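Reviewing the structure listed below.
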Amino acid sequence: MKKYLFFIIIIGVVLVVSCSKNTDVTVNTSNTIDTPATPFNLIAPFGFPPIIIPNNNKMTVEGIALGRKLFYDPMLSLDNSQSCGSCHNQRFAFTDSTLQFSKGITGEIGTRNAMPIMNLAWERKFFWDGGAATLEDQVIGPITNPIEMHETLNNVLSKLNKHNEYPRLFKRAFGTDSITTQLLMKAVAQFERTIISANSKYDKYVRGEAELTFDELKGKELYEDQKKGDCFHCHVLGSTFTDFDFRNNGLDSIFTDLGRYKNTLKETDKGKFKTPSLRNIELTAPYMHDGRFKTLDEVLEHYNSGFKVTSQNLAADIALAEKGRLSNEEKQQIIAFLKTLTDTEFINNPNFKKP
Amino acid sequence: MKNLIFCAIILAGFLLVSCTKEETKQTNNNIATVANINVVFNNTVSGMAINTDNTNYTNAIGNKYTVDILKYYVTNIVLEKENGALFYAKNYNLIDLNETLQNTISLKNVPTGKYTKLRFILGVDSARNTSGLQVGYLDPSYGMIWTWNTGYIFFKHEGNFTNSANQVKPLRFHLGTEAARGFVEVWLPEVNINGINSKLTIDFDLNQAYSSSSNIDFNVDNDRQSTEEVDRFWISNLKNNLEKSFSYKNIE
């Protein structure tokens, strides 16, 4: 009898198993998360607007660490010679030293000056012309650009998937060791969002921790004076030091680079480029989208009298400005103020260095 | 003990029935009301299959050209019945001359009946055209996204052409931007989706893309990336042409 009972139970079990096997969706156990990644809360510094993190790329400690490793990994370029960090050097607020145009892996040079990487968590569009809609989208631009890292996404993914560390690191950060374009974009963007500069002399002054000199204070006044520097309309004073908008600041009457127009094909966008933040401006020379000005003196002189009034789509604030309105002393005072935006803690922050 | 055996048999029987019941139900449903259909995009030049071996083709205005790459997005397919009922496929497919497997789009559970129209977006809808952070055929690794201008390349043709001075020049067309989205409507001669047939073939004629509404002369346009002022006219011409370059071939 016991034998029968045993036999019957076996049949029952077999039936149940065979049944559930057919109806259940197979669970892919290889992709399940071992331990969930640790959420990371990116906090806006004093005086900054709140940070909005995209819902599809919540930050984690592991994601940021992975992004940082990728940012400095030359494997992302065709011949494994250049990383993002090659042209975005922390010492120069993540610009390419004093080079006007960066060199790609083939030695070809670009047409626009490498932008600083800082406070991107507040930025709305990326690249000089706003061509990348999100920080995640920005990531793949330089990797695939033939005059930059010149690599295909398929190659990058294949290199990463074969690597002896990356699959494990992606699994920790995203719960899967199958590396995709999406996850690459997400990881690098997570790291870049943490690169925040908010501890310059000016920030300390605002927090009551430092004093500005007479010239610096005078420069701040001129910065905000509509009849003088008139910098504040676009480079909003405090926190971000930009309103993120696109403008033609009157560099040329005839455009050699159509700027934002290339993305929108709108006549009103011809010659417009991103209004960059002025934080760490002392470190990010040369200036303008094409790095045409080597010094801040040249920049100030452009806004004082160099701008071309006949330039199409010229920003109204510049079109209305009086030429030659700034004395040499006033220009120097504005520059003195701009230099209070240099953040030495930022350029030495160990969290942003090559891991 | 007999009771136990009886119980076990009943239990096993119950399990068997519950197991098979669902399967039969599903099969019945399939036969009765819905069918799976493969929509196949057949790429041609004036009805001839396209070779990528440097074969020369001639468009309506006499430009000789070759095809190395031909890719385009077919998304958001809608099938319309004669009574106006609509079936939304919500698909995102990339047709690629060099990847024939990609040219078959499988539509699941299409209600059976007579269909008179197949519509689709040639390109990517605006909701999905704002970021490359996407999967499937919208993954940027398919090379159909602009990395310097977030947005997809809707249609890509690369090859070369022989210009009016008889020189061979590169031909590179990358069509995109919000203005380039094509809304294609293919007329179907009361195609009866009945669960027996399973393959609906749609012809694409590359020559029509350069002449159906207005001629595109490669001597004038041979390298367009949808970024320059002059590209505007090319964008609108090519988009209008492409909308009229698809036709019903057969159902089998």
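The values are calculated or read from the model by the stated rules, or taken from the named source; none is laboratory data. Please read these numbers as outputs of a predicted model, since none were measured by experiment. Note that each Cβ is placed from the backbone with ideal geometry, even for glycine, and that neighbours are counted across all protein chains shown. What goes into the accessible areas is simple: the full protein's heavy atoms, side chains included, and nothing from ligands, DNA or RNA. Shrake-Rupley method; radii C 1.70, N 1.55, O 1.52, S 1.80 Å.
With the cut-off at 1.5 for a/c, could you classify the protein assembly as shown from its C-alpha gyration tensor as rounded, prolate or oblate?
On the way: a/c = 2.63, a/b = 1.45, b/c = 1.82.
The shape class here is oblate.
For peptide A:265-274, compute the average count of partner chain beta-carbon atoms within 10 Å of each residue's beta-carbon. Write down the numbers at each step before the final one.
Numbers: counts 10, 0, 1, 0, 0, 1, 0, 0, 0, 0.
Taking all residues of A:265-274 together, the mean is 1.
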Q: Grab the DSSP H runs of chain B that are 4 residues or longer, score each as -39,500 (n - 2.57), total them, divide by all residues and round the 222 nm result to the nearest 500 deg cm²/dmol.
A: -6500 deg cm²/dmol
(Q) Taking beta carbons within 10 Å but only from partner chains, what does the mean come to for residues B:209-219? (A) 0
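How would you rank B:62-73, A:251-262, highest first, on the average number of other Cβ atoms within 10 Å across their residues? Spell out each step's value before the answer.
On the way: B:62-73: 20.6, A:251-262: 17.6.
Those peptides, ordered most packed to least, come out B:62-73, A:251-262.
Over all residues in A:126-138, what is the mean tally of Cβ atoms on other chains that come within 10 Å of each residue's Cβ? Mind showing how you got there, number by number?
Details: counts 1, 4, 0, 2, 2, 7, 7, 8, 5, 1, 4, 11, 4.
Partner Cβ neighbours, averaged per residue: 4.
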Q.
On C-alpha positions alone, give me the angle between the axis of helix B:2-32 and the longest principal axis of chain B, in degrees, nearest 10.
A. 30 degrees
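Normalised by the number of residues in chain A, what is the relative contact order in percent for Cα pairs under 8 Å and 6+ residues apart?
Numbers: 612 pairs, mean separation 68.2, N = 355.
Over chain A, the number comes to 19 percent.
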Q. Can you give the angle from 0 to 90° between the axis of helix B:231-243 and the longest principal axis of chain B, with both taken from C-alpha atoms, to the nearest 10?
A. 40 degrees
**Q.** On Cα atoms only, tilt of A:214-224 relative to the major axis of chain A in degrees
**A.** 80 degrees
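Mind checking the per residue accessible area of region B:106-252 for me, 1.4 Å probe, whole number of Å²? Before the final figure, lay out each step's value.
Numbers: 6010 Å² over 147 residues.
Accessible surface, normalised per residue, equals 41 Å².
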Q) Which whole-number percent is the relative contact order of region A:205-355 (Cα, under 8 Å, 6+ apart)? A) 30 percent
**Q.** residue B:33-residue B:106 pseudo-label distance in nm [points 7 Å out on the Cα-to-Cβ vector]
**A.** 2.3 nm
Q | Rg(Cα) / (2.2 N^0.38 Å) computed for region B:35-251, rounded to two decimals | A | 1.02
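Using a cut-off of 14 Å between beta-carbons, work out the net charge of the residues near residue B:88 (Lys and Arg +1, Asp and Glu -1, residue B:88 not included).
Working: positive: B:81, B:90, B:108, B:117, B:119; negative: B:80, B:125.
That works out to +3.
Given a 1.4 Å probe and every protein chain left where it sits, what share in percent of the accessible area of chain A is carbon and sulfur?
On the way: 9550 of 17090 Å².
Ligands and nucleic acids excluded, carbon and sulfur reach 56 percent.
If a/c stays under 1.5 just call it rounded; otherwise compare a/b with b/c (prolate if a/b is bigger, oblate if not). Do that for region A:55-196, with a ≥ b ≥ c from the square roots of the Cα gyration tensor eigenvalues.
On the way: a/c = 1.80, a/b = 1.27, b/c = 1.41.
Here region A:55-196 falls in the oblate category.
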Q: Search the structure for amide H atoms under 5 Å from the amide H of residue B:213, placed 1.01 Å from N in the peptide plane, and list their residues when 5 or more places away or on another chain.
A: B:241
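Just to verify a number: FRET efficiency for residue A:145 and residue A:327, C-beta to C-beta distance, R0 = 60 Å, to 0.05?
Details: r = 43 Å, r/R0 = 0.72.
It comes to 0.90.
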Q: Enumerate the calculated ³J(HN,Hα) couplings along region A:341-355 in order (Karplus 6.51 cos²θ - 1.76 cosθ + 1.60, θ = phi - 60°), each rounded to whole Hz, writing x wherever the residue is Gly or Pro.
A: 8, 6, 10, 6, 4, 4, 6, 10, 4, x, 5, 9, 6, 4, x
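In Å² (nearest 100), what accessible area is buried between A and B, both sides summed, heavy protein atoms only, 1.4 Å probe?
Numbers: alone 18400 and 13430 Å², together 29140 Å².
In total, chains A and B hide about 2700 Å² from solvent.
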Q: Could you run the Karplus curve 6.51 cos²θ - 1.76 cosθ + 1.60 with θ = phi - 60° over region A:86-94 and give me ³J(HN,Hα) per residue in whole Hz, x for Gly and Pro?
A: 4, 9, 10, 8, 3, 4, 10, 6, 6
Q: On a C-alpha basis, how far is the centre of region A:204-224 from the centre of region A:243-286 in Å? Whole number, if you could?
A: 28 Å
Q: Take every Cα pair under 8 Å in chain B that's 6+ residues apart, average their separations, divide by the length, and report that relative contact order as a whole percent.
A: 23 percent
Q) Considering the alpha-carbon set of chain A alone, what are its Rg and its Dmax in angstrom? A) 26.1, 110
Q.
For residue B:223, what residues show an amide H to amide H distance below 5 Å, using hydrogens built from the backbone and excluding near sequence neighbours?
A. B:172
Q. Residue A:108: net charge of surrounding residues, Cβ under 15 Å, Lys/Arg +1, Asp/Glu -1, itself excluded?
A. -2
Q: Would you compute, from DSSP H runs of 4+ residues alone, the mean residue ellipticity of chain A at 222 nm, taking -39500 (n - 2.57) per run and dividing by the full residue count, rounded to the nearest 500?
A: -10000 deg cm²/dmol
Q) Given H placed on each backbone N at 1.01 Å, which residues far from residue B:188 in sequence or on other chains put an amide H within less than 5 Å of it? A) B:117, B:118
Q) Which whole-Hz ³J(HN,Hα) couplings does region A:296-308 yield from phi under the Karplus relation 6.51 cos²θ - 1.76 cosθ + 1.60, θ = phi - 60°, glycine and proline marked x? A) 5, 4, 5, 5, 4, 5, 4, 6, 6, 8, x, 4, 8
Q: Sort the following peptides by mean Cβ neighbour count (other Cβ atoms within 10 Å, averaged over residues), highest first: A:281-291, B:86-96.
A: A:281-291, B:86-96
